[in-house]
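> Let me begin by handing over the structure; questions about it come next.
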Amino acid sequence: MMELMAQRDAFGEALLELGARDERVVCLDADLASSSKMILFAEAYPQRFFQMGIAEANMTGAAAGLAAMGFVPFTNSFAVFATLRAADQIRVSIAQPGLPVKIAGAYSGLLAGKTGKTHQAIEDIALMRCMPNMTVVSPGDGVEMGKAVHAVAAWDGPVYLRATRDPSPVVFAEDDPFEIGRAVIVREGTDVTVLTTGIMVGRAVEAAELLAAEGVSVHLVHVHTVKPLDVGAIVAAAEKTGLVVTAEEHNIIGGFGGAVAEALGEHRPTPMKRVGVADVYSESAPNDDLLQKYGLTAGHIAEAARSLLERRAAHPSPKH
């Protein structure tokens, strides 16, 4: 049984550490500091914390002004509101001038605490990655989230940092490297490649174990930075097995799977399957039920890998 950790807890603790190290760091919140754990920063550094209320567009514009004056602002709201509600302000006031605002999107993906389709963010990666100058980071667990907070603060430019609500499996160790734009090999394998972003890496580890019991060797690569995408690592992973499964807690259209398909289409066309939300809006339900209904479990990742292997067996290529 893997250890569990909530990314929002790691986010709050890392912000607290960052506040002690860098007085330029300021935090702006849209009335969700307790939920996102930004409250830790607010209590320690009240003069650098701004409660902006339920007004994400205004919060985003204020953050842009602070960034223009030399501060390093972190804005915070539920991912769906931090991105879609403030999209125009992000585009015009942050992305176009390339200001170093760090947009933290809490409660991303499907598992938003039974708040239903209005609060689930399955379009945020697509929206943020299509904006020039914007960097998009989606950590795999709480350990990566802690490292990501420090990394994005030091990054020269705007960043969208995707976070999840509930505890998820801890995959990475404290001494594992973390570098924006650099994918991480989690497991070496030879038969099929699984590429993940966000907390799907934990489910992919479980899927790899399921497949290993069937004699299938999974090459698992975690891509915590959706933009800039580590194209070299993705091409190398595709070359290694000749088959690719992508896994994300996001719409498969425009998200991580789309980014991988674009990269492979240009550099190394490869049979692939995208595991994610199949272009539908979800509903309110317990986490396990949502993951099962919308196809985001370890079993769904394993089944996608099996389907690719069966296709190759039926139509073998000279290389495989």
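> How many lysine pairs in the chain, separated by 8 or more positions in sequence or lying on different chains, have Cα atoms less than 21 Å apart?
Count of close lysine pairs: 13.
> With the dipole of the chain worked out from charges on the C-beta (+1 for Lys and Arg, -1 for Asp and Glu) around the Cα centre, which of 261, 219, 233 lies farthest toward the positive end?
261
> Tally Lys/Arg at +1 and Asp/Glu at -1 over every other residue whose Cβ is under 11 Å from the Cβ of residue 155; what's the total?
Net charge in that neighbourhood comes out at -1.
> Label residue 54 and residue 130 with points 7 Å out from Cα along Cα→Cβ: what is the distance between them in nm?
2.8 nm
> So what are the radius of gyration and Dmax for the Cα set of segment 190-282, in Å?
12.5, 36
> Shifting gears a bit: Report the residue, chosen from 305, 212, 126, that carries the largest GNM mean-square fluctuation when the chain is represented by alpha-carbon nodes joined by springs under 10 Å.
212
> I would also like to ask the following. Semi-axes of the equivalent ellipsoid for segment 110-257, please: Cα gyration tensor eigenvalues, times 5, square-rooted, ordered largest first, whole Å.
24, 18, 16
> Have a look at 59, 272, 69 and tell me which one the Gaussian network model of the chain (Cα, springs below 10 Å) gives the largest fluctuation.
69
> Once you charge only the Cβ atoms, +1 for Lys and Arg and -1 for Asp and Glu, what is the size of the charge dipole of the chain about its Cα centre, to the nearest 20 debye?
700 debye
> Let me ask another. How big is the shadow of the Cα convex hull of the chain, averaged over all directions, in nm²?
15.4 nm²
> Report the Cα centroid-to-centroid distance between segment 65-138 and segment 150-185 in angstrom, as an integer.
Between the Cα centres of segment 65-138 and segment 150-185 lies a distance of 16 Å.
> Still on this model: Over all distinct alpha-carbon pairs, what is the Kirkwood Rh of segment 40-94 in angstrom?
After inverting the pairwise mean of 1/r, the radius is 11.7 Å.
> A follow-up question, please. Bins of 5 Å, beginning at zero and ending with the bin holding the largest distance: percent of Cα pairs per bin for segment 1-138, please.
Bins of 5 Å from zero give 2, 11, 21, 24, 21, 14, 6, 2, 0, 0 percent of pairs.
> So, one more: Report the full-extension gain for the segment residue 212 to residue 92: residue separation times 0.36 nm, less the Cα-Cα distance, to one decimal in nm.
38.4 nm
Read-outs throughout are calculated quantities, based only on the coordinates presented, and are distinct from any laboratory measurement. Computed from a predicted structure; not experimentally measured. Backbone-built Cβ (ideal geometry, glycine too); neighbour counts: all protein chains shown.
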